[in-house]
Structures are given as C-alpha cells and as structure tokens.
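Quick notes on the structure that follows.
The values are calculated or read from the model by the stated rules, or taken from the named source; none is laboratory data. The structure presented is a predicted model; accordingly, all values stated were derived computationally and were not measured. We place every Cβ from the backbone using ideal geometry, glycine too, and count neighbours over all the protein chains shown. Areas reflect the complete protein model, heavy atoms only, side chains present, ligands, DNA and RNA absent. Shrake-Rupley method; radii C 1.70, N 1.55, O 1.52, S 1.80 Å.
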Amino acid sequence: MGITTTAKTKVSIGTTASFATAVAYAADDWTEITNITDVGEAGSEAEIVTAKLVDQDYVKKAKGSRDNGTMELVVARDSGDEGYQALVAAEQASAGYNFKVELNDKPSAGASPKNSVFYFNAIVASRRNSFNDADSIVQTTFSLAISGAIIEVPASAS
C-alpha cells in the first residue's frame, strides 16, 4: 500500500456510547465533519517513571501510563454544517464522543478495497475561532482530548 497523503481524509463524530471494538464503533451513528483544513495528530506516548536509587549509579526508568494525546482538528467555520454543529454541541457537553478518522489509502486492487480507519473516544475540550486578516477564512480549532485506546483498522483489499 505504501505511503499516502492526508488528502481526502474523512473525520466523523459519533455518539457518546461506549465501545471497545472496531466492529462496535463501525455501527455507531456517524456525522461527517466537512471543511477540515488540518486533522492534527494523535498517538500513544508513555509517561516515563523514574527512580533515583541511592545504591545505584544510574536512574531507573520504566513506562507508566499511556496517553493518546489531544488532536487539534481545524475546520473552516460553517455554522450550517451538521458536523460543525455536532462538534459545537460536543464542546458544550461533558461527555466523551466517538470519532472516526478514515484515510484515503485503500488498495487499488481487490474484491472490496477498504481504507484505513481509526476509532477513538474524546472529549471536545475547547473551541477556538481564528479570524486573522481580511483575506483569511474564519477557522475553528476543536481540541479532541482522547480518552482511552485508538483502534486502528488497516486498509485491506477485501
């Protein structure tokens, strides 16, 4: 399959239902978010726990809790878009929402090729508008604070 670009990536917001598998996430009620200018980044990072032991020369290190980070999703502001409206509602709520990120990387051959998909739950922690100068599109950055695992379903030929 090789490397791919972010072009034609789709991001959708789901419900507040709790899921643990890709199959369960896939069955959620998804609303696509349009006009995205930057999908941001997310992924696992372990906290490094250290111990300075008096009888040893070197600091001991171990992996602690994992954090999948906060995805900064930037969209061109369109208050009439259903996905934008869902993000605004999620930012005003306390609950976590399900998200789906679908890349445009399906194989060119195969019986029923499928794109890579990432599923996760996140609280929409903030909503910030960028107005900038006269020749700028008004954009809104939504901070998606990921809580729990990111489930990846790799691209496949069937």
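Before moving on, here are some points about what is shown:
- Members of region 129-146 that are of a type in the set (A, V, I, L, M) and either outside any loop (DSSP other than H, G, I, E, B) or open to solvent by less than 70 Å² (accessible area, probe 1.4 Å) (or both): 138, 144, 145, 146
- Taken as a whole, the structure leaves residue 95 outside the set of residues that are open to solvent by less than 20 Å² (accessible area, probe 1.4 Å), at pLDDT 95 or above and more than 11 Å from the chain's Cα centre (by Cα).
- Failed condition for residue 89, given (1) free of Cβ contacts under 8 Å to residues at least 12 places away in the same chain; (2) open to solvent by 60 Å² or more (accessible area, probe 1.4 Å); (3) not charged (D, E, K, R): (2)
- Region 115-128 residues that are in a strand (DSSP E or B), paired with ones that are of a type in the set (A, V, I, L, M) and open to solvent by 30 Å² or more (accessible area, probe 1.4 Å) (beta carbon under 6 Å, 6 or more apart): 117/153; 118/150; 119/151; 120/150
- Among the candidates 45, 72, 32, 41, residue that is more than 21 Å from residue 86 (Cα to Cα) and of a type in the set (Asp, Glu): 45
- Out of 57, 67, sole residue that is closer than 19 Å to residue 99 by Cα, of a type in the set (D, E, K, R) and either at pLDDT 95 or above or under 13 Å from the mean Cα position of the chain (by Cα) (or both): 67
- All positions within region 38-55 that are hydroxyl-bearing (Ser, Thr, Tyr) and either open to solvent by less than 50 Å² (accessible area, probe 1.4 Å) or without any contact (Cβ under 8 Å) to a residue 24 or more places away in the chain (or both): 50
- The single condition among (1) at pLDDT below 95; (2) part of a helix (DSSP H, G or I) that residue 84 does not meet is (1).
- Of all the numbered requirements in (1) open to solvent by 60 Å² or more (accessible area, probe 1.4 Å); (2) under 16 Å from the mean Cα position of the chain (by Cα); (3) within 19 Å of residue 143 (Cβ to Cβ), residue 77 misses one, and that requirement is (2).
- Within region 56-74, residues that are under 20 Å from residue 10 (Cβ atoms) and of a type in the set (Asp, Glu) sit with their Cβ atoms under 9 Å from residues that are open to solvent by 60 Å² or more (accessible area, probe 1.4 Å) and at pLDDT 95 or above, at 6+ positions apart or across chains, in these pairs: 72/38; 72/41.
- The listed residue being outside any loop (DSSP other than H, G, I, E, B) and either under 18 Å from residue 38 (Cβ atoms) or open to solvent by 50 Å² or more (accessible area, probe 1.4 Å) (or both), out of 109, 149, 62: 62
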